[in-house]
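Here's the structure, in structure tokens; my notes come after.
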Amino acid sequence: MDAAVAELARMIEEASGFVVSPRNYGQLAVIAREQIASLRLAGFEEYLDMLTVRSDSPEWRHLLARITVKESYLFRGRGQMDALSHTILEELAAIRRDRRLKVWCAGCARGEEAVTLAIVFASHPVVSTWDWTILATDVDDQALDEARLGHYGERAVAAVPADVLASRFTRCDDRWQVDPKLLGRIAYRRLNLVDRDAVLEQGPFDVIFLRNVLIYFRPEQQRKVVQTVEQSLAPDGVLFLGPSESLLSLDASLRPRDLGSCFCYRWPAPAVDLRAGGGVSRPVQRNAGDSERRGPDQALPPTVSEEAADQRAPDERIRFILNALTAADFETARGIALTLRHDFPENPVTHALVGFAASRLTAYKDAADAYRGALYLDPGVPEIRFLLAVALEADGRSNRALREYRSTLALLVSAPAAASPLFKSLGIPGRDQLVTVCRKKIVRIKE
């Protein structure tokens, strides 16, 4: 029996990419036995034979429907929806001349996320008048059938703002019915993410929501799915993942963009060297005779206005930020850093500089958010984690600061002795000194 269940789990992963953990084999066995009984088969062996021989069998759909998670609710991940409305759609509204947008909601289950997206698009002052459509896909036919009805219970609509619930839904007994005009913008369709050709036929998409889907795949299958999704994304499109998901370890071409309340992914801008004599990101190769590049020990340029600095090359803009910090002109430093981060959001140095300037203005919460953005992009830099700890402590969040000081110590154990010259320019102690500082901080907070 155990071998048969393990073989069924292997077949499920091969067919759909979904991984059934060994700890869930007991539940899978129960589901399989119920399916075997309903089909009046002799046992596991006949059931496995049927699935093997008939790869297009309706039984595959019934089985996948029973093992996939469908529990969700509308307006889940509100930060992403707000960022989509206030930032992404605003930008697309400014650059799109064809007034068309195509959205893909992958792993849509019963349609809670797709309906939420439809509400966001229909509520936007500009995009609402455009020709926009949402493709919502899943491997579960039963869930798709329920999604097409647009009926939701109290639990599913609990997070919907009261005014939206009143204007976009109609109460029907103990259920809420979605406005038919919204449902008309959504096309629900069965689609298996591991079927590359089938996915590519649907694109390209301007906005893709692939939230809480990759976690069900093994890393090698995640890479394949991400590659397919990348090929389905328009050049100026954006991808949203779940809060616990990231592309950082999947060899992806897309790069993260910090939207404040969340991250999205987009195609990268042309590579630029932002190291300022040794930042935390990988340097871009330069010509040996590049006379414009200065060493880290050369004098900083004079103070300039934010407008003038914004016209300079990235490495020069970093030097203006450092110069403004040295001159205690923290507002100018933050202004230049914010613009630099906006232009190069995929580089952790830009986030760290925003955080450092914010901390000098005692905006410790903003500083902590910026440092988290830098660590999201490069979690292995102890100096940035130390700065996060300092900002949290200054903001009165001692318990969180304690965890970050401990994490900094753990990083320093395995980190090389030499740190980036950028941190020296910011006045951060060397790594040997940081060990001592962190230990003292930990003792003091625990007291």
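Would you mind stating whether Ile428 is open to solvent by less than 50 Å² (accessible area, probe 1.4 Å), of a type in the set (Val, Ile, Thr), under 20 Å from Pro348 (Cα atoms) and part of a loop (DSSP other than H, G, I, E, B)? When the stated conditions are applied, Ile428 passes them.
What about Val20, is it of a type outside the set (Ser, Thr, Tyr) and at pLDDT 80 or above? No, not satisfied. Does any residue of region 385-398 turn out to be among the hydroxyl-bearing types (Ser, Thr, Tyr), modelled with pLDDT of 90 or more and farther than 21 Å from Tyr265 by Cα? No, the conditions are met nowhere in region 385-398.
For region 336-346, which residues satisfy the criterion of being crowded, with 20+ Cβ neighbours inside 10 Å and either in a helix (DSSP H, G or I) or more than 26 Å from the chain's Cα centre (by Cα) (or both)? If the condition is that a residue be crowded, with 20+ Cβ neighbours inside 10 Å and either in a helix (DSSP H, G or I) or more than 26 Å from the chain's Cα centre (by Cα) (or both), then Ile336, Ala337, Leu340, Arg341 are the ones that fit. Checked against (1) within 22 Å of Leu84 (Cα to Cα); (2) open to solvent by less than 30 Å² (accessible area, probe 1.4 Å); (3) out of contact with any helix residue (DSSP H, G or I) (no Cβ under 9 Å at 6 or more places or on another chain); (4) free of Cβ contacts under 8 Å to residues at least 40 places away in the same chain, His124 meets all criteria but (3). Asp82 meets the conditions (1) modelled with pLDDT under 85; (2) within 30 Å of Ser261 (Cβ to Cβ) in every case but one. The failed one is (1). Remark: Ala328 matches the filter, which requires a residue to be modelled with pLDDT of 85 or more, surrounded by fewer than 22 Cβ atoms within 10 Å (Cβ to Cβ), of a type outside the set (D, E, K, R) and under 20 Å from Phe423 (Cα atoms). Mind listing whichever residues of region 390-425 are among the hydrophobic types (A, V, I, L, M, F, W, C) and either in contact with a Phe, Trp or Tyr (Cβ under 8 Å, 6 or more places away or on another chain) or not in a helix (DSSP H, G or I) (or both)? Passing the criteria: Ala391, Leu392, Ala394, Ala415, Ala417, Ala418, Ala419. Against the numbered list (1) open to solvent by less than 40 Å² (accessible area, probe 1.4 Å); (2) in a helix (DSSP H, G or I); (3) in contact with a strand residue (DSSP E or B) (Cβ under 9 Å, 6 or more places away or on another chain); (4) not aromatic (Phe, Trp, Tyr), Leu353 comes up short only at (3).
Here's the yes/no breakdown for (1) at pLDDT below 80; (2) touching a Leu at 6+ places or on another chain (Cβ under 7 Å); (3) of a type in the set (Val, Ile, Thr); (4) open to solvent by less than 70 Å² (accessible area, probe 1.4 Å):
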{"site": "Gln35", "(1), (2), (3), (4)": "no, yes, no, yes"}
{"site": "Glu45", "(1), (2), (3), (4)": "no, no, no, no"}
{"site": "Leu48", "(1), (2), (3), (4)": "no, yes, no, yes"}
{"site": "Glu59", "(1), (2), (3), (4)": "yes, yes, no, yes"}
{"site": "Thr68", "(1), (2), (3), (4)": "yes, no, yes, yes"}
{"site": "Leu92", "(1), (2), (3), (4)": "no, yes, no, yes"}
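Regarding Glu112, is this residue over 13 Å from Ala187 (Cα atoms) and open to solvent by 20 Å² or more (accessible area, probe 1.4 Å)? Answer is no for this residue. Flag: Ile119 does not match the condition of being assigned to a strand (DSSP E or B) and of a type in the set (A, V, I, L, M). Within region 375-427, the residues that satisfy the criterion of being basic (Lys, Arg) and more than 12 Å from Ala352 (Cα to Cα) are Arg397, Arg400, Arg403, Arg406, Lys424.
The values are calculated or read from the model by the stated rules, or taken from the named source; none is laboratory data. Note that this is a predicted model, so its numbers are computed, not measured. Cβ: placed from backbone, ideal geometry, glycine included. Neighbour counts: every protein chain shown. Side chains are part of the model used for accessible areas, which takes the heavy atoms of the whole protein and leaves out ligands, DNA and RNA. Shrake-Rupley method; radii C 1.70, N 1.55, O 1.52, S 1.80 Å.
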